[in-house]
Amino acid sequence: MGVGPHAQLIDADIGNLMILIIAEQRDGRLNRASWEAIVGGQQMGAEVKVAVPGDSVAAVAAELASADVAEVIALEDAALAEYTPDGYVQALAALIRAESPTHVLFAHTYQARDFAPRLAARLDRAIVTDCVGTKGGEGGAIIFIRPMFQGKVHADVLLEGPAPHLVSFQIGAYRPDALKKGTAPVPIRTVAASVEAAQIRHKPEAPFREARQAVDLSQAERIVAVGRGIKGQEHLAVAQSLAQALDAELAASRPICDAGWLPMERQVGSSGQTVAPKLYVALGISGAIQHVVGMKGARTIVAINKDPEAPMFELADYGIAGDLFEVVPAIVKALGGT
């Protein structure tokens with residue numbers, strides 16, 4: 001089935017929900033945040049389809065087919081082999097016109113932040129980004145919950161105007177382990193995207209070599225994060241030993257990165273990365289809201305802080321009120337580390 005870029009947009013009936021989730025992959029590897037978006041779609045209580053753009057994405061589509069959805073759409077074109085916003089907007093706008101969903105969902109990744117607003121403008125439709133949940137409204141309407149003022153308050157957003165409505169979910173808003181899986185793989189449909197290569201204004205280049213040193217904390221399953229309680233850069237080795245023993249990534253609150261003790265790419269919080277690992281160990285982190293909004297989606301949170309009144313203990317599943325310079329080496333030793 002081919003879809004052209006100039007098909008007329010058909011307004012879907014907002015009363016009969018049909019959700020199209022755009023999954024993200026790179027070089028045949030699925031971004032785990034896509035599972036979170038699927039969970040969000042499943043919890044909206046409607047028919048869900050999943051589309052994955054790219055070139056030769058059969059393996060990724062087969063992986064997605066384990067989810068309990070109506071079908072998986074492999075949206076393919078040679079021009080989608082490497083990500084460009086122009087290519088993705090062309091391909092996805094045409095697919096959306098053909099499928100007529102009421103809602104189009106994304107994980108709020110760096111890539112989605114780049115192309116989703118352009119896609120909404122191309123379709124002339126409403127978009128709300130960085131949502132953390134949904135709830136029902138009058139007449140069966142879907143209300144999206146979005147944090148504001150660095151997570152201090154949450155706004156209920158009701159999107160008006162004709163469908164489809166575009167929505168991105170904050171990483172960590174839903175847990176991948178809440179995914180509903182089918183009893184058998186769902187159908188996979190291949191769609192030829194028919195992207196006009198001449199309209200792609202961007203020319204992808206090979207990644208900058210130093211990017212190999214960067215870390216995407218949103219993909220980490222275990223994270224050890226440090227705060228002011230580490231006292232000095234020379235003490236980071238304590239946290240690094242625990243991270244090594246747990247096979248975890250090392251992260252930090254903003255003051256640590258502002259001081260230059262760790263690179264900014266390892267900052268978690270409202271001005272850093274949003275993470276949702278299986279395990280988050282907070283060492284000497286007080287629990288300010290600016291940090292909490294970036295990690296509250298973790299499945300299990302362990303806090304170690306000598307201040308028993310630290311706000312982080314209210315969020316933690318397990319807490320140790322003690323000196324991290326005594327507690328952490330004991331944990332590392334128990335784990336068989338050095």
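The values are calculated or read from the model by the stated rules, or taken from the named source; none is laboratory data. Bear in mind the structure is a predicted one, so any value in this text is a computation, not a measurement. Heads up, the Cβs are rebuilt from the backbone with ideal geometry, glycines too, and the neighbour counts pull from every protein chain shown. Ligands, DNA and RNA are excluded from the accessible area calculation, which covers all protein heavy atoms including side chains. Shrake-Rupley method; radii C 1.70, N 1.55, O 1.52, S 1.80 Å.
Observations
- Accessible surface, per residue, of region 215-292 when the full set of protein chains is kept, probe 1.4 Å, Å²: 39 Å²
- Per-residue [θ]222 nm for the chain (sum of -39500 (n - 2.57) over DSSP H runs n ≥ 4, rounded to 500): -7000 deg cm²/dmol
- With all protein chains in place and ligands, DNA and RNA left out, the 1.4 Å accessible area ranks Y280, Y83 as Y83, Y280, largest first.
- Carbon and sulfur %, accessible surface of the chain computed with the full protein complex present, 1.4 Å: 50 percent
- When only the Cβ of Lys, Arg, Asp and Glu is charged (+1, +1, -1, -1), the dipole of region 141-190 relative to its Cα centre reaches about 220 debye.
- R0 of 30 Å, Cβ-Cβ distance D258-Y318: FRET efficiency to nearest 0.05: 0.60
- From the alpha carbon centroid of region 143-203 to that of region 304-331 is 36 Å.
- Measuring only protein heavy atoms, the 1.4 Å probe finds D177 accessible over about 90 Å².
- Residue range of the chain that is longest and free of GluC sites (Glu not before Pro) which are both DSSP loop and sparsely packed (at most 12 other C-beta within 10 Å): 1-159
- Nearest-ten-degree value, helix 324-334 long axis tilted from longest Cα axis of the chain: 80 degrees
- Taking every alpha-carbon pair under 8 Å whose residues sit at least 6 apart, the chain reaches a relative contact order of 17 percent.
- Accessible area per residue for region 47-152 is 36 Å², calculated with a 1.4 Å probe on protein heavy atoms, without ligands, DNA or RNA.
- Cα-projected label distance for R222 with A62, points at 7 Å along beta-carbon direction, nm: 3.1 nm
- Close amide H contacts of M18 (hydrogens built in the peptide plane, cut-off under 5 Å, sequence separation of 5 or more or a different chain): T102, H103.
- When the listed pairs K180/K278; K152/K278; K278/K333; K49/K296; K181/K203; K180/K296 are checked against a 26 Å cut-off, the alpha-carbon distance exceeds it for K49/K296; K181/K203.
- Shape call, region 75-232: gyration tensor on alpha carbons, a/c limit 1.5: oblate
- Three-way shape label, region 238-324, alpha-carbon gyration tensor, a/c 1.5: rounded
- Candidate values [x] -0.42, -0.63, -1.07; [y] -0.28, -0.57, -1.07; [z] -0.33, -0.64, -1.10, label of the one derived for log10 I(q)/I(0) by the Debye sum over Cα atoms at q = 0.07, 0.10, 0.14 Å⁻¹: [z]
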